[in-house]
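Chemist: Take this structure first; my questions come after.
The values are calculated or read from the model by the stated rules, or taken from the named source; none is laboratory data. From a predicted model like this one, the values you see are computed outputs, not experimental measurements. Virtual Cβ from ideal backbone geometry, glycine too; neighbours counted across all protein chains shown. What goes into the accessible areas is simple: the full protein's heavy atoms, side chains included, and nothing from ligands, DNA or RNA. Shrake-Rupley method; radii C 1.70, N 1.55, O 1.52, S 1.80 Å.
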Amino acid sequence: MKKVRTAIFPVAGLGTRFLPATKASPKEMLIVGDMPLIQHAVVEAMEAGIERFIFITSQGKTAIEDHFDSNQLLENVLQERSKIEDLAKVRQTQLEPGQAIFIRQQHPLGLGHAVWCARHLIQDEPFALLLADDLILSQTPCTKQLVQAYENNGPGNYTAVMEVAAEKVSRYGILDIADQKNGVISARSVVEKPDPETSPSRTAIVGRYILDPRVFNHINTQKVGIGQEIQLTDAFNPMIAQNIPFSGVLFEGERFDCGTKEGWLEANIAYAYNDPELQPSLLKAITKYHS
Ligand code: G1P
């Protein structure tokens, strides 16, 4: 079976929910804990064995490219000052030459289109897709859990899934469930952002995927879906019809929607709470403002 070696990170979005913070700085560079969101996703991918990192960017996103590059000036200064720990932190963010690839998505045409922009680089291997807005805290990195499901169950499309409240189904891709075995749900079909009244379930796609390379034959760049965007979810149904299974993996862990201010704030609280050095200060601050 082919190994999952490549990951795609769509980072072209405008991040309007976080304005003015994201006016001149990418939303993927918002910090949770001590790392920007995009680094959390890259580290998670590395822990799942990913070796090649494809970023789908747009104008104004060069901070992401710089973040994963070397910064010789900074390294020299840290070296001179014997700041060894800080130096290690800076070097950790540097991807090897040729490991990081940046492609521009010239128009904001949706997730399906963003993935399609990488079609010439993927060839015939399965690949991971990570949406950095979705931050996942877990024992085993979520992408690794998906890779394990792929290795156990064979080729097909896999996504992390979780149950959401009925009134929130219209924010997600939702599975029509055929069967469930050992935490892996097999879907009869998937629908992007359904109305709560007609939604086939409350089992929602979270931003982690292992995708079959045949997906590129089915991303229909001529047909816009819901929200006037080319939806990745719309590529899955014709694949299911061709017996390429679609599986939802009920992952272990907690997911934070860092595409919203509330989710981003909660993620930061969770990080601080889980950090023995920061926890006392966090609790003290909350008591101060809440008393
Ligand atoms: C995207 C996907 C959707 C998925 C969601 C997870 O939607 O299209 O299927 O459920 O990510 O975060 P977006 O949040 O980009 O609207």
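Chemist: Which one of these is in contact (Cβ under 8 Å) with a residue 24 or more places away in the chain and within 14 Å of the ligand (Cβ to nearest atom): 141, 200?
Modeler: 200
Chemist: Out of (1) surrounded by 15 or more Cβ atoms within 10 Å (Cβ to Cβ); (2) in contact (Cβ under 8 Å) with a residue 24 or more places away in the chain, the odd one out for residue 154 is which?
Modeler: If we test residue 154 against (1) surrounded by 15 or more Cβ atoms within 10 Å (Cβ to Cβ); (2) in contact (Cβ under 8 Å) with a residue 24 or more places away in the chain, just (1) comes out false.
Chemist: Can you name the condition, by its number, that residue 103 falls short on among (1) open to solvent by 50 Å² or more (accessible area, probe 1.4 Å); (2) free of Cβ contacts under 8 Å to residues at least 60 places away in the same chain; (3) under 30 Å from residue 224 (Cβ atoms)?
Modeler: Failing condition for residue 103: (1).
Chemist: If I filter the range 13-30 down to residues being touching a residue at least 12 places away in the same chain (Cβ under 8 Å) and open to solvent by 90 Å² or more (accessible area, probe 1.4 Å), which single residue comes out as farthest from the ligand (Cβ to nearest atom)?
Modeler: Residue satisfying both the conditions and the ranking: 24.
Chemist: Could you check residue 36 against (1) within 16 Å of the ligand (Cβ to nearest atom); (2) in contact (Cβ under 8 Å) with a residue 12 or more places away in the chain and say which number it fails?
Modeler: Of the numbered conditions (1) within 16 Å of the ligand (Cβ to nearest atom); (2) in contact (Cβ under 8 Å) with a residue 12 or more places away in the chain, the odd one out for residue 36 is (1).
Chemist: I would also like to ask the following. Determine if the range 174-192 includes at least one residue that is part of a helix (DSSP H, G or I), under 23 Å from residue 117 (Cα atoms) and modelled with pLDDT of 95 or more.
Modeler: The answer is no; no qualifying residue exists.
Chemist: Restrict the check to the range 119-138 and report whether at least one residue is in a loop (DSSP other than H, G, I, E, B), of a type in the set (Phe, Trp, Tyr), open to solvent by less than 50 Å² (accessible area, probe 1.4 Å) and more than 16 Å from the ligand (Cβ to nearest atom).
Modeler: The answer is no; no qualifying residue exists.
Chemist: Another question, if that's okay. Could you please let me know if residue 208 is within 16 Å of the ligand (Cβ to nearest atom), under 30 Å from residue 275 (Cβ atoms) and of a type in the set (Lys, Arg)?
Modeler: Yes: the conditions hold for residue 208.
Chemist: Quick one: is residue 94 in a loop (DSSP other than H, G, I, E, B) and open to solvent by 20 Å² or more (accessible area, probe 1.4 Å)?
Modeler: So residue 94 fits the description; yes.
Chemist: While we're looking at this one, here's another question. Taking the range 217-262 as the search range and keeping residues that are at positive phi and within 22 Å of the chain's Cα centre (by Cα), which one is most open to solvent (accessible area, probe 1.4 Å)?
Modeler: 228
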